[in-house]
Structures are given as C-alpha cells and as structure tokens.
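The values are calculated or read from the model by the stated rules, or taken from the named source; none is laboratory data. This structure is a prediction, so every number in the text was calculated from the model and none was measured. When we count neighbours, we look across all protein chains shown, and the Cβ atoms used for this are built from the backbone with ideal geometry, even at glycine.
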Amino acid sequence: MNSPGSSDTRRSPRSDASDLDEIFAGILPSLDEVERNIRDWTRSSNPLIADLSRTVFQDSGKRLRPSLLLLSSKIAGYQGSEDAYLAALVEMIHTASLIHDDIVDNAETRRGTASAHVRWGPQLSVLLGDYLFIKSIGLSLRSGDNRIIRILSDLSARMIEGELTEYSRAGDLEITEAQYMEIIDMKTASLFAAAARIGGVLGNAPDGDEHRLAAIGRSMGISFQIVDDLLDCAGDEQALGKPVLSDLGEGRITLPFIHALNCGRHEEARALAERIRGKNTGAGDQSEILEILRKTGSLDYARGKAAECAARVGDLLAGFPESPHAEALRKLQGFILERKK
C-alpha cells in the first residue's frame with residue numbers, strides 16, 4: 001500500500017465522495033432518509049440551537065457509521081425503515097463526540113473549517129455537544145427494542161470514558177500499544193461496533209451473526225483510527241483540512257510514535273522523545289520527526305496493524321452469504337484503508 005500523502009496516490013478533491021457513492025449505491029435512498037431525519041431533529045424553536053445544529057451538520061462528512069448500520073441491517077435481512085432512523089442517531093452521537101473532542105484538544109479546525117468551539121466558544125459548544133448526546137438518547141427511547149436503547153446509552157458512556165482516558169494519557173511517553181488500542185476502542189471503534197451490531201439486532205440475527213457484525217464494526221473502527229493517525233503524520237494538509245502532526249501538538253501519542261519510542265533504536269527514540277517533551281513540532285522539526293518515523297519503520301508498522309484489521313473484516317464477512325451489501329462492506333473497509341483524508 002502506498003504511504004499516506006504519497007504524490008502518486010493523491011486523488012482529486014471529489015474522488016473520495018465519488019468512491020463512496022459507488023460503494024453506497026444500494027443504500028442511497030436510506031442515506032437520504034438519514035439526512036432528512038438529521039434536518040428534522042436539528043430544527044428548534046430556539047434560534048440559537050437551530051443555528052448551531054444546522055451549521056454543525058452542514059458538512060455531511062462521509063457518513064461511514066450510518067452506512068455501516070444500514071449495510072449490516074441489510075446483511076441481517078432487515079426489511080423495515082427503522083434502520084435509517086437509528087443510523088441518524090448514530091451520526092448525532094458521532095457529531096456530539098467530535099464537538100467535545102475538539103474542545104478538549106483545543107483543535108482549531110474540523111474538516112477544513114473552524115471547529116465549533118472556535119466559532120462559538122467552548123461554553124456554547126460544550127452545551128451543543130451535551131444537547132446532541134442527550135437528544136440522541138431521548139430519540140432512541142422510541143425504538144421498540146430495549147437492546148438498542150441499551151447499546152446506544154452504553155455507547156455514549158464508553159465514548160466519554162475513552163475521551164477521559166485519552167486526556168489522562170496526554171503527553172505520556174510511557175503509554176503502551178495495548179493502552180493506545182484500549183483508548184481507540186472506546187473512543188472510535190465502539191461506535192463502529194455499535195452501528196454494525198444494531199443492524200444485526202434489527203434483522204433479528206442469531207447471536208453468532210450479531211456478534212460477528214459487531215466484530216466487523218470494531219475492526220473497521222480500529223483500522224479507521226490507525227489510518228487517521230497515519231494521515232496526521234504523513235498526510236496531505238490540504239486534503240486533511242488541518243496541519244500534519246496536529247495530534248502530537250495536542251498531546252496524543254499515537255501508534256507510530258509508540259512504536260518509534262519502543263523499537264529498540266535508542267538514538268532515534270531519544271531524539272523523538274526530546275522533541276515531544278519540548279513540543280517541537282514546527283516545520284523544521286516536523287521533517288526530522290517524520291524522518292525518525294520512517295527510519296524506525298514506525299509508519300509501516302502502524303500501516304501493517306491497519307491492514308491486519310482489514311484482513312480480519314474480510315475473514316468475518318466470509319461467515320455471511322455473498323450479497324451486494326456484504327461486498328459493499330468489503331469495499332468500505334478497502335476505502336477506509338486507502339483513504340487520503
């Protein structure tokens with residue numbers, strides 16, 4: 001696989017969206033319903049809430065998590081329309097988590113534009129994040145299946161716990177790979193897993209299939225986050241809509257750095273630790289940091305871990321009959337592994 005940001009693999013600004021349109025061709029009507037649900041739920045008699053919510057959802061992003069729920073429900077044989085309703089709830093929870101995440105990290109941009117807390121300040125932004133979390137749980141109570149309500153409520157608590165755990169590890173050069181994996185499981189993969197599992201619950205899938213779908217979602221989520229961390233190290237700033245090494249500047253020690261600090265190459269590890277402790281992430285230091293990551297094989301190591309997750313998704317999907325929706329999930333994992341932003 002080509003490294004993130006390699007000049008020979010860069011795509012046009014619209015190519016990612018075009019790829020997803022092709023992958024999601026079989027669920028586009030349901031995705032349209034997801035968007036309608038989100039628009040309906042962000043209307044409010046309170047003009048401030050309406051304006052904040054509308055602005056936050058204006059950039060629809062990739063909608064990976066709602067699509068995962070929709071595809072999983074189809075694989076499980078679901079024929080109804082509640083999947084679009086629940087997929088919209090999953091996207092609401094995701095958006096709420098991004099708002100809180102940006103406040104904690106003091107991130108200035110999100111998807112190439114000013115983050116919510118830069119636009120409106122942390123006070124209003126944290127209230128909006130709280131509002132979206134609570135509204136999502138309230139809307140989930142309309143589901144006729146108590147398991148789905150429990151999945152979504154447990155998910156929200158787990159994601160917030162992941163944020164707190166990550167914050168407690170900020171700048172910790174002793175963080176282990178296992179601890180890193182636990183954090184990204186809580187913060188990122190748990191939402192992917194919940195989305196896929198809800199699809200199985202809707203289709204009344206046998207316990208084995210429901211757990212298999214959840215495992216597919218979890219592996220996708222871990223792969224997604226590792227690729228995200230790789231792009232932060234060596235991606236294209238214009239495509240990403242944020243500076244490279246933003247995570248490091250915000251105190252997050254991600255998998256490439258964990259590997260480089262513990263790979264046994266003491267000279268490189270010491271030089272990297274000095275730059276991290278000194279928060280030296282300027283242009284000149286960036287080049288030296290990236291060179292250390294390349295010398296230690298840390299970018300390739302992290303890329304290999306993401307590829308392992310992708311292979312696991314393929315193995316788990318083999319347990320389901322071949323179908324256009326199963327093939328779409330397989331292609332979605334490929335997209336996640338190869339994405340540039």
Query raised in the report: Within region 160-176, is there a residue that is farther than 21 Å from ILE276 by Cα and of a type in the set (Lys, Arg)?
Result: no
Requested in this report: Within region 69-120, track down each residue that is in contact with a Gly (Cβ under 9 Å, 6 or more places away or on another chain) and aromatic (Phe, Trp, Tyr).
Outcome: TYR78
Report task. Please work out which residue is nearest to the chain's Cα centre (by Cα), limiting yourself to region 253-270 and to residues that are surrounded by fewer than 21 Cβ atoms within 10 Å (Cβ to Cβ) and more than 18 Å from GLU288 (Cβ to Cβ). Result -> ASN262
Requested in this report: Kindly state which helices (runs of 4 or more DSSP H) lie completely within region 184-243 and contain at least 3 residues that are within 14 Å of SER72 (Cβ to Cβ) and modelled with pLDDT of 95 or more.
Outcome: 190-202, 207-234
Query - Residue that is under 21 Å from LEU68 (Cα atoms) and either of a type in the set (S, T, N, Q) or loosely packed, with under 15 Cβ neighbours inside 10 Å (or both), where the choices are SER168, SER156 - result: SER156
Requested in this report: Could you grab the pairs with beta carbons closer than 8 Å, sequence gap of 6+ or different chains, first residue in region 179-200 and buried (at least 24 other Cβ atoms within 10 Å of the Cβ), second one outside any helix (DSSP H, G or I) and at pLDDT 95 or above?
Outcome: GLY199/ALA76; GLY199/TYR78; GLY200/ALA76
Query raised in the report: In region 156-178, what residues are in contact (Cβ under 8 Å) with a residue 60 or more places away in the chain and more than 30 Å from ALA326 (Cβ to Cβ)?
Result: ILE160, GLU163, GLU166, TYR167, ARG169, ALA170, GLY171, ASP172, LEU173, ILE175, THR176, GLU177
**Report entry** Unmet requirement for MET92, which otherwise passes all of (1) over 27 Å from PRO206 (Cβ atoms); (2) in contact (Cβ under 8 Å) with a residue 24 or more places away in the chain; (3) not in a helix (DSSP H, G or I)
**Finding:** (3)
Query raised in the report: Out of (1) at pLDDT below 90; (2) surrounded by 21 or more Cβ atoms within 10 Å (Cβ to Cβ), what's the single condition that is false for MET92?
Result: (1)
Query raised in the report: Looking only at residues in region 96-118 that are surrounded by fewer than 21 Cβ atoms within 10 Å (Cβ to Cβ), under 14 Å from the mean Cα position of the chain (by Cα) and at pLDDT 80 or above, which one is farthest from ASP40 (Cα to Cα)?
Result: ASP101
Requested in this report: Could you check, for region 123-141, whether at least one of its residues is at pLDDT below 95, over 22 Å from PHE192 (Cβ atoms), outside any helix (DSSP H, G or I) and among the polar types (S, T, N, Q)?
Outcome: no
Query raised in the report: Condition test on GLY121, is it surrounded by fewer than 18 Cβ atoms within 10 Å (Cβ to Cβ) and free of Cβ contacts under 8 Å to residues at least 12 places away in the same chain?
Result: yes
Query - Test: residue in region 293-302 that is of a type in the set (Val, Ile, Thr), touching an Asp or Glu at 6+ places or on another chain (Cβ under 9 Å) and farther than 30 Å from LEU28 by Cβ - result: yes
Report summary line: The residue that is nearest to ALA302 (Cα to Cα), considering only those in region 247-276 that are small (Gly, Ala, Ser) and at pLDDT below 85, is GLY264
